[in-house]
1. Quick one, can you get me the convex hull of the C-alpha atoms of segment 1-65 expressed as volume per residue in Å³?
2. Nearest 500 deg cm²/dmol is fine: what mean residue ellipticity at 222 nm does the chain get from its DSSP H runs of n ≥ 4 alone, each adding -39,500 (n - 2.57), divided by its residue count?
3. Would you mind counting up the charge near LEU9? Only other residues with Cβ under 10 Å from its Cβ, with Lys and Arg at +1 and Asp and Glu at -1.
4. Given H placed 1.01 Å from N in the peptide plane, which residues other than close sequence neighbours of SER18 have an amide H under 5 Å from its amide H?
5. Of all accessible surface on the chain at a 1.4 Å probe, what whole percent is carbon and sulfur?
6. Which FRET efficiency, nearest 0.05, do CYS14 and SER69 yield, Cβ-Cβ r, R0 35 Å?
7. Find the accessible area per residue for the chain; the probe is 1.4 Å, ligands and nucleic acids are left out, and the unit is Å².
8. Going 7 Å from the Cα of ARG61 toward and past its Cβ, which residues in segment 13-39 have a backbone nitrogen under 20 Å from where you end up?
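The values are calculated or read from the model by the stated rules, or taken from the named source; none is laboratory data. In this text the structure is predicted, and so the values were computed from the model without any measurement. All Cβ positions, glycine included, derive from the backbone under ideal geometry; neighbour counts span all protein chains shown. For the accessible areas, the whole protein counts, side chains as well, though only heavy atoms, and no ligand, DNA or RNA atoms are used. Shrake-Rupley method; radii C 1.70, N 1.55, O 1.52, S 1.80 Å.
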Amino acid sequence: MSPPTRCPLIICLCHGVSDRQVREEARHGANSLDAIERCCGAGGDCGHCRADVRKILREARTARREEKS
């Protein structure tokens with residue numbers, strides 16, 4: 001039996017962007033807050049989601065480094 005799938009969490013209320021969307025953009029090469037903003041809008045308006053976006057970007061960078069090792 002596969003593990004339960006976690007529901008997406010909306011991290012950017014201004015644009016309705018979920019954590020999954022940000023992770024997907026990071027997997028496809030978006031590696032900065034500006035790049036995420038250009039891709040999906042997160043981080044571009046009120047700014048409340050910027051900390052979450054930065055955390056997801058750090059996690060993505062760490063995962064890429066671990067894959068290369």
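1. On the way: hull volume 5.6 nm³, N = 65.
Once divided by residue count, the hull of segment 1-65 is 86 Å³.
2. Details: 3 runs with 36 residues, N = 69.
Helix contribution divided over all residues of the chain: -16000 deg cm²/dmol.
3. Values: positive: ARG6, ARG20; negative: ASP19, ASP52.
That works out to 0.
4. Here ILE11 satisfy the definition.
5. Details: 2580 of 5000 Å².
Whole-percent figure for carbon plus sulfur exposure: 52.
6. On the way: r = 37 Å, r/R0 = 1.05.
Efficiency at R0 = 35 Å is approximately 0.40.
7. That works out to 72 Å² for each residue.
8. 19-39
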